[in-house]
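Only the coordinates and a few stated rules stand behind these numbers; no lab work does. Since this is a predicted model, take the numbers as computed values, not measurements. Quick reminder, even Gly has a Cβ in these numbers, built from the backbone with ideal geometry, and neighbours come from all protein chains shown.
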Amino acid sequence: MTETAQLEDGRVIEYLPEMIGEGTMKEVYFTKDQESVLCFYKGDLNQTDPQRLRRLQQILTGFNPTLSAKKQGDYWSKLFCWPTGIIVKPRLGVMTPVYPSNYFFASGRWQGREKKGRWFVSPKLRNLLPVAEQGSWINYFKICIVLARAVRRLHAEGLAHSDLSDNNVLIDPVTGQALVIDIDSLVVPNLFSPDVDGTPGYIAPEVLATAGLRANDPHKKLADIRTDQHALAVLIYEYLLNRHPLRGPKVHSIHSAEEDEQLSLGEKALFIEHPQDSSNRPATGLSIPVTALGPTVTELCYKAFVKGLHSPYLRPAAYEWERGLIKTWNMLYPCPNPNCTHHWFVVILTEPIIKCPFCQTPVNTPIPLLMLRSEKRPGQWLRDGELVIYHGQSLFKWHVFDNIFPGPEVDREPQAYCSFHQNRWLLINQALTSLTSANGNRVDISKAVELKAGSQLRLSQESHGCIAEVSMLNYGR
Amino acid sequence: MSIRRLPVYLLLDCSSSMAGQAIEQVRQGIRALLDDLSTEPMAIETVYLSVITFHSTAQQVIPLTELMQFTEPLIQASGATSLGAALRLLKDCLEREVKKNTLEQKGDWKPLVFLMTDGMPTDAWEATADEIKQLKMLNLIAFAAGPGAEVKNLKRLTDIVLKSDDLSPGALKAFFKWMSQSIVRTGKSVQVMAQEASIDLPPPPPQIHIVP
């Protein structure tokens, strides 16, 4: 027995009559083929939201980055669970694809349930999950990059998600993927305003501080791109450090927990790691401070939670997070302790001893570092970034050319890899057509060149090709 | 940083009039409530549950316990309806178990109390009811299950009173289901609540209506 629903484009969809889920705004049913779900809005939308149909039309067409006609549509459709149809009969709703199977727990007590981010960022919840579901730290790093990229794409379209939270981003730490869901309430600036308050913990301070004002009060702040930027920063901080950036011990009201929370995350919000004001820092200290994430991510956190916390226009944009995280990715190093909980850490060049902040294990061997330079003006080679070398590290086109960014469309073929062989660090050429060693000799494909402190390699003679200067960290240890 | 707890107290009438199918529905209701809540990460993290039963006396059969540690209580129906004793016990428990907000510590969220009764109180309850209604620091939801429960009495205790016209298994089951939705909704919205605003409850199922 199935029921039928009609889409706006004329398609008739059969669906199973048994409701599989219910939220505050929607009732959810499986389609007959169980490849999609139909979400019907509750209540009389003519009364509550007469603009809903028009909003959905916009979201499904002009603003939809997952359409195959758009650049990289396939790529974006893996990052967003974008609605695929508008239901007009028997009542208004949206059809969305079922989440890919890797976003459901494969084992453990919650097998088959959605992998909402909350499960993984709360130490208490995470400990209840099978180890196989918990994923490794480097995968959370990947998730941050993917999420920043997804939010950057929305913002590029002029859209705001308006309710980014641990509830509306599914993550798969097993593979390091993320999926943004609940797309149908997107905010289209100047066209459709937000219809949700957001999720506690992710609501921007200015929105929370003015939440009590009437809907038409000019001082009331609503969700927009700036509030998404706040939520994105909170999510990234939580994924990487498993704690909330604003929930510290500082008490703002003893009247009630509710009032205290309203102030602590709203008007009086204060970063728990504020560099000058330690009044919200946990008394027990923080075993892993934000600085363990390296100078670039630390700066972005300060920008988000110190400078931009109460000044929405100063918050880092999603693309800054994407770039900053990728830059930091180049500094990841495998922890020498096989029993380390995190396996990877960020090498911080200014630290006197390079050690894993998670298990305190020091690195006792030299680590080659490539300083990448590119020719910004003829003859002027400026610093472009660094790359920490470990056994098995690969160089990609975005390391070789200064005009290639590791975005969605990039060529992911390794161009060369590094190996520690007979006590020497080697760079083995896999695909570089004009790799040139310090003495000017070409290094052919499948040939190796030694990485020696002080030597310089030209990664490519083509235009935008970078120079790599080799230095050794930990030398003499 | 320890996370704030959401204390939830169930005050359940286990007088002899509940014997048979009704008390069985309560047992199943508690089981369903636990099943529902333990799929919800927010609830696993923050909800702490306690069960107080009352018949000729009142007893806290389960002290305030973390959701994942909670084991179903053994409950039987017998005796009278000592609502007064139950309310006094509730006050004690709130005093003893709920973490207060002080300058030094972040206390618990405002406790949620669900009272279910099917009959008229058989002891003195009015004075305690008045005291509890004065307490601003809890959200009490009273459920008059069936024709024997007096709505007027419950209104003296709290503004939020629900009623079902019969004491059918369907109504009790629906109440527990609604209870779990209310707990989840409260847990998720608690921080956006304006200070003195009443809590935002989901609409009750068809068998149950809110007494205005």
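Assorted remarks:
- Chain lengthening between B:ARG185 and B:HIS209 when straightened (0.36 nm per residue, less Cα-Cα): 6.8 nm
- For region A:365-473, the relative contact order comes to 29 percent (Cα pairs under 8 Å, sequence separation of at least 6).
- Order of A:HIS255, A:HIS342, B:HIS55 under a 10 Å beta carbon neighbour criterion, fewest first: A:HIS255, A:HIS342, B:HIS55
- The aspartates and glutamates within cross-link reach of A:LYS116, meaning a Cα-to-Cα straight distance under 17 Å and a gap of 8 or more places when in the same chain, are A:GLU22, A:GLU133, A:ASP163, A:ASP166, A:ASP172, A:ASP182, A:GLU238, B:ASP36, B:GLU40, B:GLU45.
- Loop-resident chymotrypsin sites (Phe, Trp or Tyr not before Pro) (DSSP state other than H, G, I, E or B) in region A:395-477 with no more than 15 further Cβ atoms inside 10 Å of their Cβ: A:TYR475.
- Restricting the calculation to Cα atoms, the protein assembly as shown yields a radius of gyration followed by a Dmax of 29.2, 100 Å.
- Nearby lysines by direct alpha-carbon distance to B:LYS133 (threshold 25 angstrom, same-chain neighbours under 8 apart not counted): B:LYS91, B:LYS99, B:LYS100, B:LYS106, B:LYS110, B:LYS152, B:LYS155, B:LYS163, B:LYS188
- A simple spin-label model places pseudo-atoms 7 Å from Cα toward Cβ; at A:ILE288 and B:GLN59 they are separated by 4.7 nm.
- Taking the C-alpha atoms only, the angle from helix A:225-241 to the longest principal axis of chain A is near 60 degrees.
- Across peptide A:242-251, the average count of Cβ atoms from other chains found within 10 Å of a residue's Cβ is 2.
- C-alpha center-to-center spacing [region A:107-171, region A:222-253] in angstrom: 15 Å
- Partnerless cysteines in the protein assembly as shown, where a partner means another cysteine C-beta under 4.7 angstrom, comprise A:CYS39, A:CYS81, A:CYS144, A:CYS301, A:CYS418, A:CYS466, B:CYS14, B:CYS93.
- Shielding score for A:256-268, defined as the mean number of other chain Cβ atoms within 10 Å: 5
- Its DSSP H runs of at least 4 residues, each contributing -39,500 (n - 2.57), put the calculated 222 nm mean residue ellipticity of chain B at -11000 deg cm²/dmol, to the nearest 500.
- For region A:149-166, 3J(HN,Hα) per residue [Karplus equation, 6.51 cos²θ - 1.76 cosθ + 1.60, θ = phi - 60°, Hz, x = Gly/Pro]: 5, 4, 5, 4, 5, 4, 5, 4, 7, x, 8, 10, 6, 6, 9, 5, 6, 5
- Candidate lysines - alpha carbon under 20 Å from A:LYS447, same-chain residues fewer than 8 apart omitted: A:LYS397
- On Cα atoms only, tilt of B:169-189 relative to the major axis of chain B in degrees: 10 degrees
- Computed from backbone phi with θ = phi - 60° and the Karplus coefficients 6.51, -1.76 and 1.60, the 3J(HN,Hα) list for region A:263-272 is 6, 5, 9, x, 3, 9, 3, 9, 4, 5 Hz; x is used for glycine and proline.
- The relative contact order of chain A comes to 9 percent, based on Cα pairs under 8 Å that sit 6 or more residues apart.
- Inter-part distance where region A:377-448 and region B:129-161 are each reduced to a Cα centre, Å: 73 Å
- Every helix of 4 or more DSSP H residues in chain A counts as -39500 (n - 2.57), and over all residues that averages to -6000 deg cm²/dmol at 222 nm.
- In sequence order, region B:142-147 has phi-based couplings of 9, 10, 8, 8, x, x Hz under the Karplus curve 6.51 cos²θ - 1.76 cosθ + 1.60, θ = phi - 60°, and Gly or Pro positions carry x.
- For residues of B:104-114, the mean tally of beta carbons on other chains within 10 Å: 3
- Estimated FRET transfer efficiency (B:LEU103, A:LYS78; beta-carbon r; R0 35 Å; 0.05): 0.10
- Gain in span if fully extended, A:LEU382 to A:ALA106, counting 0.36 nm per residue against the direct Cα distance: 94.5 nm
- Average Cα contact separation per residue, region A:102-329, under 8 Å, 6 or more apart, as relative contact order %: 19 percent
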